[in-house]
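The values are calculated or read from the model by the stated rules, or taken from the named source; none is laboratory data. Here the structure is a predicted model, which means the values were calculated and not measured. Glycine also receives a Cβ, built like all others from the backbone with ideal geometry; neighbour counts cover every protein chain displayed. To get the accessible areas, we keep the full protein, side chains included, count just its heavy atoms, and leave off ligands, DNA and RNA. Shrake-Rupley method; radii C 1.70, N 1.55, O 1.52, S 1.80 Å.
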Amino acid sequence: MFSKNWALMAVFSLLVICLVATMPAHAEVDPGSASGFPFLLRYGYYDDKCEDLEDIVWSKMKTIVQLQHNAPAQLLRLMFHDCFIGGCDASVLLADRNENGTVEREAIPNRTLKGFNFIDTIKDEIEEECPGVVSCSDILVLATRDGIVLAGGPYYPVLTGRRDSKESFFDKAMAEIPRPNGNISETLRLFSLRGFDERETVALLGAHNIGRIGCQFIRPRLSNFTGTGLPDPTIPPDFVEELRRKCPDDNNTISNMLNDEDTDTARGLSVSIATSLDNHYYKTLMRGRGLLFADQQLMANEKTAAAVTDYAIDDGVIFRTEFAHAMAKLSNFGVLTGSEGEVRHSCSHLNS
């Protein structure tokens, strides 16, 4: 099986397993969230039900990433938005409306999410092999982990046995997804409600190493920051001009990949999609060149700034280790297990 053949990752995997084993049995979570620590999750949950599951997910993800290089970033964001609201229960995948007519994936912070089709493709393949067995929430978590590996990021072991939610959470998504223009206090508050400390928050935001950012989230910093009619004063003047060139009114997206070299030219941004999950994100924050206000705000708090520095100064070993630990912890947040929820036959629709 795929999970047994990763010899090159064995040493790193052992390190991460040790880290995961040190996680508290009861993480501090928002009492209003889904169930607490997932006692019924375990490694190899599907070994006697769908033994080729991880092989199937890995194979499909390799094909997906070959065709769509931005897929790992899209799935990372999709999983984060799912787990952050109500726990890792695939609620964000639902297209069915709640009794009040709302659906989580249509909440404003979720309208730019992508990657639903990737999960559907993997689910269809798994349903042919093991019908009605594997949850969409487990598929999303596994596919995201494999996307991270394919993007050059760290491998980390994933517990399985999640169940899928029978509802979605529009109002919570509207209120509790961290905003790209949020200040550091608000960002830390939202992560703390889910049991993540300052350092874990900085590690998880390292997901911004890859992907593309909508220019609509950047332009307010360039000309009318907080209604002043002026650029964000924390952005270096040369970077303001660079961003204006990269984000004119007719441009919708900008690469998340920043060149680590100091330069006075447009080379400070890459026009190609960033696909390598390394620690360049933290290096750019130390130079005052974070694309989002919320990113650059990590330098405005003593503890988060110290974490940024730690992740930036080496060749990425510290970041990779702590990012893997934080992702494993996020993957276990607020899950449904046992008889809770259901195993959907289609990830976008309830069974009945």
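Computed from backbone phi, the HN-Hα couplings of the stretch 304-311 come to 6, 5, 5, 5, 4, 4, 4, 6 Hz, rounded to whole numbers (Karplus: 6.51 cos²θ - 1.76 cosθ + 1.60, θ = phi - 60°; Gly and Pro given as x).
Couplings 3J(HN,Hα) of the stretch 49-54, computed from phi: 10, 7, 5, 8, 3, 5 Hz, in residue order, whole Hz [Karplus 6.51 cos²θ - 1.76 cosθ + 1.60, θ = phi - 60°; x for Gly and Pro].
Just list whichever of Lys49/Lys114; Lys60/Lys114; Lys62/Lys166 have alpha carbons separated by over 19 Å in the model shown.
Where the Cα-Cα span goes over 19 Å, the pairs concerned are Lys49/Lys114; Lys62/Lys166.
Rolling a 1.4 Å probe over the protein heavy atoms of the stretch 134-216, with every protein chain left in place, gives an accessible area that is 48 percent carbon and sulfur. For the stretch 89-132, pairs of C-alpha atoms spaced more than 12 angstrom apart make up 67 percent of the total.
A crude spin-label estimate for the pair Ala95 and Asp171, with each label 7 Å from Cα along the Cβ direction, gives 2.7 nm.
Calculated on the alpha-carbon coordinates, the convex hull of the stretch 145-223 measures out at 158 cubic angstrom per residue. Database remark: amide H of Leu336 closer than 5 angstrom to the amide H of Arg163 (H placed geometrically; neighbours at sequence offset of 5 or more, or on other chains; Pro and chain starts carry no H).
Ligands, DNA and RNA aside, Lys114 has an accessible area near 120 Å² when probed at 1.4 Å. The mean of 1/r over all distinct Cα pairs in the stretch 25-177, once inverted, gives the Kirkwood hydrodynamic radius of 16.0 Å.
Along each principal axis, taking the top coordinate minus the bottom one, the Cα set of the stretch 286-352 gives 52, 25, 20 Å in descending order. Shown in residue order for the stretch 124-129 are the 3J(HN,Hα) couplings computed by the Karplus curve 6.51 cos²θ - 1.76 cosθ + 1.60 at θ = phi - 60°: 4, 5, 5, 4, 5, 7 Hz (x for Gly and Pro). To the nearest 10, the accessible area of His345 is 110 Å² with a 1.4 Å probe.
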